[in-house]
1. Residue 167: under 27 Å from residue 225 (Cβ atoms) and hydroxyl-bearing (Ser, Thr, Tyr), yes or no?
2. Does residue 34 count as more than 20 Å from residue 186 (Cα to Cα), open to solvent by 40 Å² or more (accessible area, probe 1.4 Å) and over 16 Å from the mean Cα position of the chain (by Cα)?
3. Given the residues 63, 56, which is the only one that is at pLDDT 90 or above and assigned to a loop (DSSP other than H, G, I, E, B)?
4. Out of everything in the range 219-236 that is loosely packed, with under 10 Cβ neighbours inside 10 Å and under 15 Å from residue 194 (Cα atoms), what residue ends up being modelled with the lowest pLDDT?
5. Would you be able to tell me the number of residues in the range 72-89 that are surrounded by 15 or more Cβ atoms within 10 Å (Cβ to Cβ) and either at pLDDT below 95 or not aromatic (Phe, Trp, Tyr) (or both)?
6. Of all residues in the range 144-179, which are touching a Ser or Thr at 6+ places or on another chain (Cβ under 8 Å) and of a type in the set (Val, Ile, Thr)?
7. Of the conditions (1) among the aromatic types (Phe, Trp, Tyr); (2) open to solvent by 10 Å² or more (accessible area, probe 1.4 Å); (3) within 12 Å of the chain's Cα centre (by Cα), residue 93 fails just one. Which one is it?
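The values are calculated or read from the model by the stated rules, or taken from the named source; none is laboratory data. Every value quoted in this text rests on a predicted model; they were computed, and no experiment measured them. Note that we place each Cβ from the backbone using ideal geometry, even for glycine, and neighbour counts take in every protein chain shown. Side chains included, ligands, DNA and RNA excluded: accessible areas come from the protein's heavy atoms. Shrake-Rupley method; radii C 1.70, N 1.55, O 1.52, S 1.80 Å.
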Amino acid sequence: MNKIIGKALFVKVGKVVSNDSLSKNNPHFLSGIKKYPVAKAYLTKTGFKDDEQADTLHHGGETKAVLFFSTDTYKKLNKLSSSDFKYDEVAHYGENIVVEGIDESDICVGDILKIGDVEVQISQPRQPCWKLSANTKTKQMTTIIYNNGLSGWYARVLKEGEIEEKSDIVLVKRSYPKLTITALNKIIIDPLTDIVLTKEALECQVLGAAFKASLEGRSKLKDAKNEPFIYHNEPN
C-alpha cells in the first residue's frame with residue numbers, strides 16, 4: 001500500500017513524577033503522563049528510550065509501547081470541555097506522538113505504519129482512566145473522552161528505530177478495515193450496538209489483550225451502556 005496518510009508532528013517523552021490529583025484524600029499521584037516534546041527519540045519494543053510509566057500494569061509494555069494522539073482530537077476535546085490545551089507543549093493526555101491528518105476514524109487495529117525507519121502495528125484504543133481528568137484539572141475529562149471515543153490509540157513496535165518530529169506517516173498494510181479506533185470505542189460502550197463487529201473484534205488476533213478482555217466482559221453485561229467502567233472514577 002505505502003500511502004502517506006499524515007505526519008508525526010511532535011514526539012514526546014517523560015519521567016515519572018509526583019502530580020496533583022483532584023482528590024482531597026489522595027492529593028498526589030505518581031505518573032509519567034507529563035511528556036515533553038523532543039526533536040527525536042529512539043523507539044524500542046517497549047517504548048521510547050527516556051520515557052517512563054509509573055503504572056506498568058496498565059501502561060507501557062509491548063502492546064502499548066507508544067500512544068498516538070491527533071491534533072483534531074485535541075481540538076474536539078477543547079471544544080467539548082471548554083478548554084484551550086495546546087498539542088505542541090507538555091502532553092495533556094499522556095501522548096507520545098501527536099499526529100496531523102488522521103484521527104480515530106482513520107486508523108484501524110492491525111494497521112502497519114512506517115514512520116522514518118520505524119514500523120508499528122496498531123494494537124488498540126487507549127482506555128481512559130481518571131488520571132486524564134487529574135492531569136487536565138477537568139473533572140469530566142475522562143468521561144468526555146470515553147463517551148465521545150476521543151481516546152487516541154496504542155501501537156506495538158515491529159521495527160525499532162528513531163522517530164523525528166514532522167516525519168511522514170506511511171500506511172503499509174491494512175488487514176481489518178472495519179475495526180477502526182472509532183468503531184471499537186463505540187462497541188466498548190455497548191457491544192450490543194453491533195454484534196457482528198463485536199464478534200470480529202473478539203476474534204481479531206492482533207487486538208490488544210487488555211481491550212479484548214474489557215470488550216468480552218462488557219459483552220456479557222445485560223445493559224452495558226448504563227454500566228461505565230469503574231476505573232473512570234478517581235480514588236477518594
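1. On the way: under 27 Å from residue 225 (Cβ atoms): no; hydroxyl-bearing (Ser, Thr, Tyr): yes.
Spelling it out, it is not the case that residue 167 is under 27 Å from residue 225 (Cβ atoms) and hydroxyl-bearing (Ser, Thr, Tyr).
2. Here the answer is no, as residue 34 does not meet what is asked.
3. 63
4. 222
5. Qualifying residue count, the range 72-89: 8.
6. 144, 145, 157
7. Result: residue 93 fails condition (2) only.
A quick yes/no check of all residues on (1) out of contact with any Lys or Arg (no Cβ under 6 Å at 6 or more places or on another chain); (2) open to solvent by less than 80 Å² (accessible area, probe 1.4 Å):
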{"site": "25", "(1), (2)": "yes, no"}
{"site": "29", "(1), (2)": "yes, yes"}
{"site": "43", "(1), (2)": "yes, yes"}
{"site": "47", "(1), (2)": "yes, yes"}
{"site": "52", "(1), (2)": "no, yes"}
